[in-house]
Amino acid sequence: MDTRDLRNCFGKFPTGVTVVTWFEGIEKRGITVNSFTSVSLDPPLALVSIDKKANAYKAMKGCNFTINILSAEQEKIAWQFAGKQQDALIIDWVISGVAPKINDSAAWIECKPWKEYDAGDHVLFIGEILDFHSKEGEALLFYQGKMGSTKVLVN
């Protein structure tokens, strides 16, 4: 099976864009993730899938984390945490709760580790939701390697 073709096939499914953030000591860390889903309402659980080759895989093990659902205006933040340096970008952090949050995100979900599952070349991190917040506005989407907004769906 050609993994590039499979990746392109997966790219046909539009996803939201999140940045998962956590504290590493006093430093704020994050990784762009589009493999995110709700898991359960009782107990409240959410899942993110992290590539085992990513530095985040080992760094966030056992850490509280925030899933920041990015707004349409936060594309540069998505690229920054995907490893594509964005010159002069300043992240507006919110330092409260159990893990750092990115200000002006469409929503955020704070989690404590619940379970991890090996999933081939990825690990599924399931977090128990401790707190969450959302606001009105457009979210950032990812489709076939490009980013855009939910404006088409909202209007």
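The values are calculated or read from the model by the stated rules, or taken from the named source; none is laboratory data. If you're wondering where the values come from, they're calculated on a predicted model, not measured in any experiment. With ideal geometry, Cβ positions are generated from the backbone for all residues, glycine too; neighbour counts draw on all protein chains shown. Keep in mind that these areas ignore ligands, DNA and RNA; they rest on the heavy atoms of the full protein, side chains included. Shrake-Rupley method; radii C 1.70, N 1.55, O 1.52, S 1.80 Å.
Residues checked against (1) in contact with a helix residue (DSSP H, G or I) (Cβ under 6 Å, 6 or more places away or on another chain); (2) more than 14 Å from residue 21 (Cβ to Cβ):
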site	(1), (2)
69	no, no
73	no, yes
83	no, yes
99	no, no
111	no, no
116	no, yes
127	no, no
135	no, yes
149	yes, yes
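Quick one: which of 126, 67 is of a type in the set (A, V, I, L, M, F, W, C), open to solvent by less than 40 Å² (accessible area, probe 1.4 Å) and in contact with a Pro (Cβ under 9 Å, 6 or more places away or on another chain)?
Values: 67 fails: in contact with a Pro (Cβ under 9 Å, 6 or more places away or on another chain).
Of the residues listed, the single one that is of a type in the set (A, V, I, L, M, F, W, C), open to solvent by less than 40 Å² (accessible area, probe 1.4 Å) and in contact with a Pro (Cβ under 9 Å, 6 or more places away or on another chain) is 126.
Return only the number of the condition from (1) over 17 Å from residue 127 (Cβ atoms); (2) open to solvent by 70 Å² or more (accessible area, probe 1.4 Å); (3) of a type outside the set (A, V, I, L, M, F, W, C); (4) out of contact with any Ser or Thr (no Cβ under 8 Å at 6 or more places or on another chain) that residue 61 does not satisfy.
Status for residue 61: all satisfied but (1).
Of all residues in segment 32-55, which are small (Gly, Ala, Ser), free of Cβ contacts under 8 Å to residues at least 60 places away in the same chain and in contact with a strand residue (DSSP E or B) (Cβ under 8 Å, 6 or more places away or on another chain)? It would help to see each step written out before you state the result.
Going through segment 32-55, the residues small (Gly, Ala, Ser) turn out to be 35, 38, 40, 46, 49, 54.
Those still in the list that are free of Cβ contacts under 8 Å to residues at least 60 places away in the same chain too: 38, 40, 54.
Residues satisfying the conditions are 38, 54.
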